[in-house]
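The structure appears below as structure tokens.
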């Protein structure tokens with residue numbers, strides 16, 4: 001599942017007429033990088049939620065066949081936050097564990113390498129703390145996520161979840177973080193640290209920086 005329902009307030013005015021996942025980076029929408037990498041990893045059945053200007057996402061991506069994928073959409077009349085958006089889409093996963101990725105991050109992680117830890121309701125990927133989030137979110141020890149251990153790392157917005165994580169939830173708008181902390185308390189939240197490329201594309205400046213970097217990398221490739 002790719003989460004694409006956010007309004008993108010920090011990206012305004014770029015998102016006034018275009019949903020954040022469709023903002024262009026080095027010539028193609030940000031969300032396409034996820035779809036391509038997922039297809040390369042053999043993950044071709046996708047669910048994308050949307051709210052703000054969601055019809056533009058459906059029009060741009062279609063049914064996914066151009067990537068050899070199958071895309072289903074989970075529209076939200078009003079954005080349900082991360083927890084509520086995933087909960088609404090749960091029936092589409094037929095009770096199986098599923099991968100979730102924030103639509104506004106960029107990463108070179110190998111999605112095929114991720115797996116659910118034994119005895120876990122979820123397994124999340126942690127990364128180095130970016131400059132805009134120096135305090136981090138969680139600690140990690142022996143493949144288990146902690147809410148108290150130091151050093152703390154930042155939750156990447158990438159994880160594998162099960163329906164069990166959402167036991168007791170009701171339809172509506174709610175965040176994901178409290179569910180992760182409840183899983184920590186049950187010792188049911190697995191995790192791993194990823195040292196590779198990861199960026200939270202949350203501001204126009206970060207978007208422009210990634211665009212510049214990818215264009216420069218492509219230019220260097222052409223010159224070889």
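The values are calculated or read from the model by the stated rules, or taken from the named source; none is laboratory data. Source: prediction; values computed, not measured. As a convention, Cβ positions derive from the backbone with ideal geometry for all residues, glycine included, and neighbour counts pool all protein chains shown.
Looking only at segment 106-117, decide whether some residue is without any contact (Cβ under 8 Å) to a residue 40 or more places away in the chain, assigned to a loop (DSSP other than H, G, I, E, B) and surrounded by fewer than 19 Cβ atoms within 10 Å (Cβ to Cβ). No.
Among the conditions (1) modelled with pLDDT under 95; (2) over 20 Å from residue 200 (Cβ atoms), residue 162 misses just one, which is (1).
Only one of the numbered conditions (1) without any contact (Cβ under 8 Å) to a residue 24 or more places away in the chain; (2) out of contact with any strand residue (DSSP E or B) (no Cβ under 6 Å at 6 or more places or on another chain); (3) closer than 23 Å to residue 104 by Cα; (4) surrounded by 14 or more Cβ atoms within 10 Å (Cβ to Cβ) is violated by residue 182, and that is (3).
Step by step: first the residues of segment 52-71, then only those that are outside any helix (DSSP H, G or I) and over 16 Å from the mean Cα position of the chain (by Cα), then the one that is nearest to residue 32 (Cα to Cα). Which residue is that? Once the filter is applied, the top-ranked residue is 64. Select from segment 187-204 the residues that are within 21 Å of residue 114 (Cβ to Cβ) and part of a loop (DSSP other than H, G, I, E, B) and write down the one among them that is nearest to the chain's Cα centre (by Cα). Step by step, filter segment 187-204, then rank; the result is 201. Here residue 202 meets each of (1) exposed (fewer than 12 other Cβ atoms within 10 Å of the Cβ); (2) at pLDDT below 90 with one exception, condition (1). Each residue in segment 1-21 was checked for being in a loop (DSSP other than H, G, I, E, B), surrounded by 14 or more Cβ atoms within 10 Å (Cβ to Cβ) and either over 18 Å from the mean Cα position of the chain (by Cα) or modelled with pLDDT under 90 (or both), and 6 pass.
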